[in-house]
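The values are calculated or read from the model by the stated rules, or taken from the named source; none is laboratory data. Please read these numbers as outputs of a predicted model, since none were measured by experiment. Using ideal geometry, Cβ is built from the backbone for each residue, glycine included, and neighbour counts are taken over all protein chains shown.
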2 protein chains.
Amino acid sequence: MASQIGPNLIMSGSLAIAVDLGGTQVRAALVAKDATVHSQLIENTHASSGGHVVLEQIREMIGTLAGKVSAASVLGVGLCAPGPLDAQSGIALSTPTINGFSDLPIGQLLSDGLPWDVQVENDGIAAAQGEWKHGAGQGQENLVYVTISTGIGGGVVADGQILHGRKGMAGHIGHMTIVADGVLCPCGNKGCWEAYASGTAFTARANEVRNEDGVVTSAKSIFDDARRGAKYAVELVDQEAEFLGIGITNLLHLYSPDIVILGGGMAKDFDMLEPGISRHVTKCAMPPFRDVPIVPATLESSSGLVGVASMVFTAHSS
Amino acid sequence: MASQIGPNLIMSGSLAIAVDLGGTQVRAALVAKDATVHSQLIENTHASSGGHVVLEQIREMIGTLAGKVSAASVLGVGLCAPGPLDAQSGIALSTPTINGFSDLPIGQLLSDGLPWDVQVENDGIAAAQGEWKHGAGQGQENLVYVTISTGIGGGVVADGQILHGRKGMAGHIGHMTIVADGVLCPCGNKGCWEAYASGTAFTARANEVRNEDGVVTSAKSIFDDARRGAKYAVELVDQEAEFLGIGITNLLHLYSPDIVILGGGMAKDFDMLEPGISRHVTKCAMPPFRDVPIVPATLESSSGLVGVASMVFTAHSS
């Protein structure tokens, strides 16, 4: 299989094995220093089967990728996963979407039997690194990356460095309360940004509006309906943009980024959300924060893979 | 006047002139490297008289302090002021509490005619630096400092460095929306943390409750009444602690500090607020964030002066 990977990539230490573990899917790939993604594998996560089953699944995917190239060409393994996790010690602390990912030393367990170190990172922070080094945030000193999909996550670059904080747990931006005593969030708290502005919340509101028709609505179908001018859908998109605008205004005041980058499934329809987000920011942010560009991510579903690979290369270059 | 300052302080470059400008008061002092505050001056800010009048007031205070020691003993001048200001270029951008502090190059204007550089910093960030280097946050890699008084401000240390962000404007933590479409904030936005949890908001709620008696209530009198067990006051303090807890939980998730430090006038009654804050954090923060200590500031009203002086010493040592 190595034939699909150019000969220049089989040079010693020229590749990282990157794994992006989500509650629904796990992706793995060989990623080159220039951020090219090779031989990507995508599987459904065995999320309900327990932490060790998921780790075994990842180990097999790593084995498949490693079999495509010489061991010497691989510099290391990077794994990003949903938080909260202790990125410093590689321990999953309490990942709600993966059964058994509770106080589990995933970095140590994965590296056992592998000839490489395994670097563990929060998935939002990894994606922020990807967009910073190879995507929409290149050359910026300060950025906030927001992923809007099933939940809301993110990562922050401040003063030219990834913001880690205690245990590498900074940037859990989906879990800032924007509505005190508001609707219940999957995290157990009430009123989190995620509970109002995630793709899940967006489609749930659509189903409330439309449930008389018995239609189960997807985010894509709402955006499609809004593009056709359907009133219900235009209103839902406006409301979603408003909720996104509230959270993004908070992030401007809290981190003072040079740019805000939106990724995740909902960002596929960035053009539909952008006017409402900008309207809110222009009205509600303090004046010196109003001119910060808000842009879509450019690496799409690869930002995590590219980011965690970039972290492997960075760690080995210092 | 130099006699009140020990001879060891007249050594070359052993002092900073520190100025902490607020909307109500301006403080200035000679601060030594060990954070001792000498010859502190406190005046009411000529806040309504225009930016240049305030700068003249500050220049006179600096002159008074400089007259107490030799010019050579002073290393530089540090000024902290309310944001938003561009700390990198020393420009006040749009300070709502000081008339004429709008796009005003306060650093440049103040340094004209002075033999020293003038370093400008946001007051919340300066106070965070003070508490980090000489107060409750000594030795920590990650901290959030929150000042709760007329408004809410703050500053952040992340990964062993002050968090500046674009134009040094990070950490405007008072202006995160915690109640979407909530009560009006002095900044013009709705639902900001400051609009719910500042000392101003606290006493305003007290006056709503008590206005049938025609009593104008101060924060201190509410805390005093709560200590005596007055039901109205106990309820108001509980509510205030709950609002503080909501914002602090957000800050834990956003910055992942090792410690949260509360300063400002309201922190004088920290012991009354702490149980309610901790109750909220324990219930609402994600589990790995629940054990972060929340403590009162130790430098009290000097944290800004000490912090901005510390920044002067740091800038000249590098």
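Tell me, yes or no, whether segment A:30-43 has at least one residue that is of a type in the set (A, V, I, L, M, F, W, C), within 21 Å of A:ILE98 (Cβ to Cβ) and either at pLDDT 90 or above or within 23 Å of the chain's Cα centre (by Cα) (or both). Within segment A:30-43, one or more residues are of a type in the set (A, V, I, L, M, F, W, C), within 21 Å of A:ILE98 (Cβ to Cβ) and either at pLDDT 90 or above or within 23 Å of the chain's Cα centre (by Cα) (or both). Tell me which residues, restricted to segment B:228-261, are without any contact (Cβ under 8 Å) to a residue 40 or more places away in the chain and either touching a strand residue (DSSP E or B) at 6+ places or on another chain (Cβ under 8 Å) or of a type in the set (Lys, Arg) (or both). Those that are without any contact (Cβ under 8 Å) to a residue 40 or more places away in the chain and either touching a strand residue (DSSP E or B) at 6+ places or on another chain (Cβ under 8 Å) or of a type in the set (Lys, Arg) (or both): B:ARG228, B:LYS231.
Scanning segment B:11-32 for residues that are crowded, with 17+ Cβ neighbours inside 10 Å and outside any strand (DSSP E or B) returns B:SER14, B:GLY22, B:GLY23.
When the test is whether a residue is at negative phi and surrounded by 23 or more Cβ atoms within 10 Å (Cβ to Cβ), A:ASP112 does not pass it.
Here's a check for you: in segment B:270-318, which residue that is farther than 23 Å from B:HIS134 by Cβ and small (Gly, Ala, Ser) is surrounded by the most Cβ atoms within 10 Å (Cβ to Cβ)? The residue in question is B:ALA285. Just a yes or no: is a residue in segment B:199-209 within 14 Å of chain A (Cβ to nearest Cβ), buried (at least 19 other Cβ atoms within 10 Å of the Cβ) and either within 30 Å of A:ASP86 (Cβ to Cβ) or small (Gly, Ala, Ser) (or both)? Scanning segment B:199-209, I find at least one residue that is within 14 Å of chain A (Cβ to nearest Cβ), buried (at least 19 other Cβ atoms within 10 Å of the Cβ) and either within 30 Å of A:ASP86 (Cβ to Cβ) or small (Gly, Ala, Ser) (or both), so the answer is yes. For residues that are surrounded by fewer than 16 Cβ atoms within 10 Å (Cβ to Cβ) and touching a helix residue (DSSP H, G or I) at 6+ places or on another chain (Cβ under 7 Å), scanning just segment B:60-93, find the one that is nearest to the other protein chains (Cβ to nearest Cβ). Out of the qualifying residues, it is B:GLN88. Looking across segment B:285-311, the residues that are touching a Leu at 6+ places or on another chain (Cβ under 6 Å) and more than 14 Å from chain A (Cβ to nearest Cβ) come down to B:PRO296, B:VAL306. Annotation note: Cβ proximity below 6 Å between a residue of segment B:168-185 that is within 23 Å of B:TYR255 (Cα to Cα) and at the interface with chain A (Cβ under 8 Å from one of its Cβ atoms) and a residue that is among the hydroxyl-bearing types (Ser, Thr, Tyr) and in a strand (DSSP E or B) (sequence gap 6+ or interchain) occurs for B:ILE178/A:THR177. With the condition kept exactly as written, say whether any residue in segment A:163-175 is touching a Lys or Arg at 6+ places or on another chain (Cβ under 7 Å) and either under 25 Å from A:GLY139 (Cα atoms) or surrounded by 24 or more Cβ atoms within 10 Å (Cβ to Cβ) (or both). No. Looking across segment B:146-191 at every residue that is over 18 Å from B:LEU262 (Cα atoms) and either in a strand (DSSP E or B) or of a type in the set (Asp, Glu) (or both), the one that is nearest to the chain's Cα centre (by Cα) is identified as B:GLN161. Set side by side, the residues A:THR249, A:THR282 differ, and just one is hydroxyl-bearing (Ser, Thr, Tyr), over 23 Å from the mean Cα position of the chain (by Cα) and within 12 Å of chain B (Cβ to nearest Cβ), which is A:THR282. Against the condition within 11 Å of chain A (Cβ to nearest Cβ), at pLDDT 95 or above and touching a His at 6+ places or on another chain (Cβ under 6 Å), how does B:HIS164 come out, does it pass? So B:HIS164 does not fit the description; no.
The set of residues in segment B:133-145 being within 11 Å of B:ASP258 (Cβ to Cβ) and more than 12 Å from every other protein chain (Cβ to nearest Cβ) consists of B:GLY137, B:GLY139. Among the residues here, A:LYS268 qualifies as under 23 Å from A:GLU43 (Cβ atoms), of a type outside the set (A, V, I, L, M) and either touching a residue at least 40 places away in the same chain (Cβ under 8 Å) or part of a helix (DSSP H, G or I) (or both).
Restricting A:TYR232, A:TYR196 to those that are within 11 Å of chain B (Cβ to nearest Cβ), part of a helix (DSSP H, G or I) and either closer than 30 Å to A:ASP103 by Cα or modelled with pLDDT under 95 (or both) reduces the list to A:TYR196. Picking from B:THR45, B:THR24, which residue would you name as being touching a residue at least 60 places away in the same chain (Cβ under 8 Å) and polar (S, T, N, Q)? From the options B:THR45, B:THR24, the qualifying one is B:THR24. What are the residues in segment A:94-119 that are closer than 14 Å to A:GLY23 by Cβ and among the β-branched types (Val, Ile, Thr), if any? A:THR95, A:THR97, A:ILE98, listed by residue number.
When A:GLY188 is tested against (1) surrounded by fewer than 21 Cβ atoms within 10 Å (Cβ to Cβ); (2) within 14 Å of chain B (Cβ to nearest Cβ); (3) at negative phi; (4) not β-branched (Val, Ile, Thr), just one condition goes unmet, and that condition is (3). B:ASP225 fulfils the conditions (1) crowded, with 17+ Cβ neighbours inside 10 Å; (2) without any contact (Cβ under 8 Å) to a residue 12 or more places away in the chain; (3) within 14 Å of chain A (Cβ to nearest Cβ) except for a single criterion, (3).
In the list A:GLY191, A:GLY182, which residue meets the criterion of being at pLDDT 95 or above and closer than 24 Å to B:VAL292 by Cα? Going through A:GLY191, A:GLY182 in turn, just one is at pLDDT 95 or above and closer than 24 Å to B:VAL292 by Cα: A:GLY191. When segment A:101-122 is filtered for residues that are outside any strand (DSSP E or B) and charged (D, E, K, R), the ones remaining, listed by number, are A:ASP112, A:ASP117.
Candidates B:ILE98, B:ILE125, B:ILE42: the one that is out of contact with any Asp or Glu (no Cβ under 9 Å at 6 or more places or on another chain) and assigned to a helix (DSSP H, G or I) is B:ILE125.
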